[in-house]
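First comes the structure, then the notes that go with it.
The numbers here are math on the coordinates, done by the rules we state, and not lab data. Here the structure is a predicted model, which means the values were calculated and not measured. In this analysis, Cβ positions are derived from the backbone assuming ideal geometry, glycine residues included, and neighbour counts consider all displayed protein chains.
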Amino acid sequence: MPLVDTSVWIDGFHGGKFSGVIKNLIDRCEICINDLILSELIPSIRVRKEKELEDLLYLLPRVPMQIDWNGIVSIQTENLKNGINRVGLPDIMIAQNAMQNGVQLLSMDKHFELMAKVVPLQLYPYTPS
């Protein structure tokens, strides 16, 4: 069950290349979200007054978040040692959350691919349509 990152949700909302992937995951009940990703998505959804979409997102299974600050420092240290720069704290927290809960991450952000080479982050294998 992949944790779907904000970038993929936004692409899917706009009918982009991940819209089919998201639809298939939802149809198979094989998708999850966390509070950080919700906090990135919900404000603009509320501004656009898309209550039904907001309600649907809140129905998805949520991966519990436990922030391990030492773990975040370790991830960022590994990133920097390996030339992976400019990864923001929210994305490090999302990566840590996926690793802590043993779920794969589905993201469009290339820095997650780089991070998966230096930390035990598992990425969801996908083929965007």
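Can you sort 47, 118, 4, 73 so the residue with the fewest Cβ neighbours within 10 Å comes first?
Details: 47 8, 118 15, 4 26, 73 11.
Listed from fewest to most nearby Cβ atoms, that is 47, 73, 118, 4.
Give the residue list of trypsin sites (Lys or Arg not before Pro) in the range 40-129 that are DSSP loop and have at most 13 other beta-carbon atoms within 10 angstrom. Don't skip to the answer; put the middle values down first.
Working: sites: 46, 48, 49, 51, 62, 81, 86, 110, 117; in loops: 48, 49, 86, 117.
In loop regions of the range 40-129 (DSSP not H, G, I, E or B), the sparsely surrounded trypsin sites (Lys or Arg not before Pro) are 48, 49, 86, 117.
Before anything else, pin down the relative contact order of the chain: Cα pairs under 8 Å, at least 6 apart, normalised by residue count, whole percent.
34 percent
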